[in-house]
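S.K.: The following block contains the structure, expressed as structure tokens.
The values are calculated or read from the model by the stated rules, or taken from the named source; none is laboratory data. Quick caveat, the model's predicted, so the values are computed rather than measured. Cβ coordinates were reconstructed from backbone atoms using ideal geometry, including for glycine residues, and neighbour counts include every protein chain displayed. These accessible areas exclude ligands, DNA and RNA; they are computed on the full protein's heavy atoms, side chains included. Shrake-Rupley method; radii C 1.70, N 1.55, O 1.52, S 1.80 Å.
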Amino acid sequence: IWALAVQAWYAHLVVAATREPIDRILHCTGQAVGEGLELRQPIWGDGYLKRFCFDEETVGRWIRYVERHNIAVELPPRPWPFIETPNF
């Protein structure tokens, strides 16, 4: 996971290219966030929008976009310990 923002009304996630199905990535991420927040209920709703990025510039823009959502609510850009953002 390269970037993650979880708010009351939305979540944004940027992940590296992988063969894992997006449903599994969302499930595992939801579990990790739920445990970190000590929630007893699922945090994701049904459905999502996915976009593919084919160059480092686009990926970097999406990462910064997601990090700005965290900063806007006074969180660090990477508030989750499992985030590993690459240096482009």
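S.K.: For the chain, with a Gaussian network of springs between Cα atoms less than 10 Å apart, report the residue from 68, 51, 24 with the top mean-square fluctuation.
M.R.: With Cα springs under 10 Å in the chain, the top fluctuation among 68, 51, 24 is at 51.
S.K.: With the cut-off at 1.5 for a/c, could you classify the chain from its C-alpha gyration tensor as rounded, prolate or oblate?
M.R.: oblate
S.K.: Counting each DSSP H run of 4 or more residues in the chain as -39500 (n - 2.57), what helix-only mean residue ellipticity at 222 nm follows after dividing by all residues, to the nearest 500 deg cm²/dmol?
M.R.: Theoretical 222 nm ellipticity from helices: -12000 deg cm²/dmol.
S.K.: Okay, moving on. Go through 10, 48 and list them by solvent-accessible area, largest first, probe radius 1.4 Å.
M.R.: Ranked from most to least accessible, the order is 48, 10.
S.K.: How far is it, in nm, from the label point at residue 49 to the one at residue 64 when both lie 7 Å from their Cα along the line to the Cβ?
M.R.: Spacing of the two 7 Å Cα→Cβ label points: 2.0 nm.
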